[in-house]
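Reviewing the structure listed below.
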Amino acid sequence: MNIFTHFSLRSLFGNRTRTIVSIIGIALSCALVCAVLTSVVSMSNMLYERTAADEGSWQVEAANVPADARSRATGASPRGWTSPSSARSRWATTTQPTTAATCSPRPGP
């Protein structure tokens, strides 16, 4: 047993009240940090769901976008092919250009 371990154990057992109060303080501070972080995440989710319910979830469609611009924006080839793992390029799979731009709300959850 080295000198640091001996000194630490003697200090812990010599001042039992201070040791117990320190353990309780550490436990309470951990619980407080967890409660605050949980509150922040819950508030963020509530605000998102409330906004989606009040205003809807908006989607935008771009009209008359050339194939080469679509491929640069989404990483797809100009012929409209996309890799199955590419989630961003779902709209670039069609090879026919759209004729009108729309911006309409989708009902919330």
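The values are calculated or read from the model by the stated rules, or taken from the named source; none is laboratory data. Remember, it's a predicted structure, so these values are computed and weren't measured experimentally. In this analysis, Cβ positions are derived from the backbone assuming ideal geometry, glycine residues included, and neighbour counts consider all displayed protein chains.
Structure notes:
- Annotation: of all residues in the stretch 27-59 being not hydroxyl-bearing (S, T, Y) and not in a helix (DSSP H, G or I), the one that is surrounded by the most Cβ atoms within 10 Å (Cβ to Cβ) is G56.
- All of S29, S22, S39 fail the test of being over 30 Å from the mean Cα position of the chain (by Cα), at pLDDT 90 or above and not acidic (D, E), apart from S22.
- Number of the exception - A62 against (1) of a type in the set (A, V, I, L, M); (2) modelled with pLDDT of 80 or more; (3) surrounded by 10 or more Cβ atoms within 10 Å (Cβ to Cβ): (2)
- Which numbered condition G56 fails, given (1) small (G, A, S); (2) at pLDDT 55 or above; (3) out of contact with any strand residue (DSSP E or B) (no Cβ under 8 Å at 6 or more places or on another chain): (3)
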